[in-house]
Amino acid sequence: MINCYILDDYPSQFKVLKILIESTEGLKLTGTETNSNRFLQQYKEHKLDIDLLFLDIQMSGISGIELAALLDSKTKIVFTTGHRDFAFEAFELHAVDYLLKPIRPARFLEAVTKARKLILQEKNIPDTLISGPKDLYVKGTGKSSWNRINLNEIVYLKADSNYTNIVLQAKQVMVYGTLNNLSKELPQERFLRVHKSYIINLSHVESGSVCFVNMGNGDQVPVGRAYRNELKAHLKF
């Protein structure tokens with residue numbers, strides 16, 4: 001069970017998060033707080049047992065950004081805010097995710113999936129709650145044809161007009177369907193768009209820079225300017 005806590009100076013913001021946490025298997029809400037100074041005092045006195053903190057940014061007293069810098073790295077943070085302006089600062093602090101209010105259930109689950117994997121890995125607990133799909137079924141280039149593709153074998157995907165070239169570890173498969181449509185079928189915690197024409201499998205990234213990533217098969221994938229901050233956040237550099 002992952003212990004969750006909500007810190008937001010507006011109690012009205014608790015409602016949606018409470019519902020989402022309490023309706024998600026494997027999560028337990030252990031408390032809420034509106035005062036960041038009071039929270040920090042209790043936290044420093046080891047009175048709070050928190051695995052995952054949903055933290056507002058703009059609060060009276062200590063801001064969420066300032067507070068996050070004072071917390072133990074074992075406490076994973078998902079920032080919740082109505083403002084986009086603090087995303088860079090949030091990811092500089094290695095936040096798991098950055099949720100914009102009003103919080104959508106799909107984005108909440110995406111953030112929780114990321115956090116849960118990190119938390120369970122650090123505790124050496126197998127994640128039996130999130131197995132996710134192992135295969136992707138896509139239309140082939142021939143009439144009525146289709147392909148079954150193991151998600152773990154995908155290195156990256158490249159857009160090619162109305163088709164997508166799926167680069168696997170041992171071969172390439174051209175399938176019918178745009179990159180945008182295929183992206184909806186991919187687990188978002190494992191695959192990341194880094195360019196308008198490319199989606200990469202994060203587990204196959206070897207190295208890179210702000211302009212490109214080197215994949216495990218030896219290919220180099222460009223990184224678009226608009227996608228650099230998100231890539232940086234996912235790879236924690």
Every residue from segment 27-43 that is over 14 Å from residue 8 (Cβ atoms) and free of Cβ contacts under 8 Å to residues at least 24 places away in the same chain: 41, 42
At least 1 residues that are farther than 21 Å from residue 102 by Cα and out of contact with any helix residue (DSSP H, G or I) (no Cβ under 7 Å at 6 or more places or on another chain) in each: list the helices (runs of 4 or more DSSP H) lying fully within segment 1-84 that qualify. 36-44, 64-68
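Tell me whether segment 16-28 contains one or more residues that are polar (S, T, N, Q), surrounded by 13 or more Cβ atoms within 10 Å (Cβ to Cβ) and within 19 Å of residue 59 (Cα to Cα).
no
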Only unsatisfied item for residue 232, checking (1) in contact (Cβ under 8 Å) with a residue 40 or more places away in the chain; (2) under 10 Å from residue 156 (Cβ atoms); (3) surrounded by 15 or more Cβ atoms within 10 Å (Cβ to Cβ), is (2)
Given the conditions (1) within 23 Å of residue 111 (Cα to Cα); (2) touching a residue at least 12 places away in the same chain (Cβ under 8 Å), which single one is not true for residue 184? (2)
What's the total number of residues in segment 65-96 that are crowded, with 21+ Cβ neighbours inside 10 Å and at pLDDT 90 or above? 8
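The values are calculated or read from the model by the stated rules, or taken from the named source; none is laboratory data. As the structure is a computational prediction, the values presented were derived from the model and not from experiment. Note that each Cβ is placed from the backbone with ideal geometry, even for glycine, and that neighbours are counted across all protein chains shown.
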